[in-house]
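Novice: Take this structure first; my questions come after.
The values are calculated or read from the model by the stated rules, or taken from the named source; none is laboratory data. Keep in mind that what you see is a predicted model, and the values were worked out from it rather than measured. Cβ: placed from backbone, ideal geometry, glycine included. Neighbour counts: every protein chain shown.
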Amino acid sequence: MDILTEKDIIDENPTYRKDLLPVWIKIFSWLFALSGLMTIPVVIIGLLGYQVDLAIYGFRATNIISSVGLGIVAIFFLKGLVSLGLLRKTDWGVDLALIDSFVGVIICIGSMLFYPQILGFRLEVLLLVPYGIKMIRIRNAWKTAL
């Protein structure tokens with residue numbers, strides 16, 4: 001009689017990283033991968049002196065060469081990296097996604113607290129929190145999945 005170990009059971013039923021991500025995260029990952037790739041031409045256009053309307057998490061800028069403009073570009077670049085990490089199923093994808101969700105929630109809360117009369121409630125928080133929770137839940141499985 002053969003006794004199966006936990007390793008044998010895992011080897012017989014492998015988990016795949018692509019199966020760990022829900023459809024809504026895959027859709028947003030594709031959108032943010034595209035927006036992350038667009039940061040390069042946006043920066044070039046901004047450096048050429050054209051106005052580019054940028055907005056995320058309650059912050060808006062038309063001049064790329066400003067602290068808010070550069071911050072927004074950095075956020076989109078980070079989101080692009082996270083998206084590529086998740087879509088390409090890299091080892092660091094979920095870890096960077098956790099950082100992304102945490103930073104996003106902090107920025108949204110900060111914009112709501114410091115600019116409440118202008119910005120009001122940020123709906124992004126309603127997606128960032130479940131996104132972060134999902135990343136926490138799949139983190140260990142992601143590390144061992146194929």
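Novice: Can you tell me which residue within the stretch 20-31, out of those that are assigned to a helix (DSSP H, G or I), in contact with a Leu (Cβ under 9 Å, 6 or more places away or on another chain) and of a type in the set (A, V, I, L, M, F, W, C), is nearest to ILE138 (Cα to Cα)? Working first, answer last.
Specialist: Start the filter on the stretch 20-31 by keeping residues that are assigned to a helix (DSSP H, G or I), which leaves 20, 23-31.
Now restrict to residues that are in contact with a Leu (Cβ under 9 Å, 6 or more places away or on another chain): 24-26, 28-30.
Applying the additional criterion that residues be of a type in the set (A, V, I, L, M, F, W, C) yields 24-25, 28, 30.
Values: TRP24: 15, ILE25: 12, PHE28: 17, TRP30: 19 Å.
Here the residue is ILE25.
Novice: Counting only residues that are farther than 19 Å from VAL125 by Cβ, out of contact with any helix residue (DSSP H, G or I) (no Cβ under 7 Å at 6 or more places or on another chain) and not aliphatic (A, V, I, L, M), how many does the stretch 47-68 have?
Specialist: 7
Novice: For the stretch 38-67, enumerate the residues that are in contact (Cβ under 8 Å) with a residue 12 or more places away in the chain, among the hydroxyl-bearing types (Ser, Thr, Tyr) and part of a helix (DSSP H, G or I).
Specialist: THR39
Novice: Condition (residue is of a type outside the set (Val, Ile, Thr), in contact with a strand residue (DSSP E or B) (Cβ under 9 Å, 6 or more places away or on another chain) and assigned to a helix (DSSP H, G or I)) applied to the stretch 115-125: is it met by at least one residue?
Specialist: Yes - at least one qualifying residue is present in the stretch 115-125.
Novice: I want to confirm something. Restricting to the stretch 69-98 and keeping residues that are free of Cβ contacts under 8 Å to residues at least 12 places away in the same chain and part of a helix (DSSP H, G or I), which single residue is farthest from LYS18 (Cα to Cα)?
Specialist: That would be LEU70.
Novice: Filter the stretch 102-130 for residues that are more than 12 Å from ILE56 (Cα to Cα) and at pLDDT below 90 and give the result.
Specialist: ILE109, GLY110, MET112, LEU113, PHE114, TYR115, PRO116, GLN117, ILE118, GLY120, PHE121
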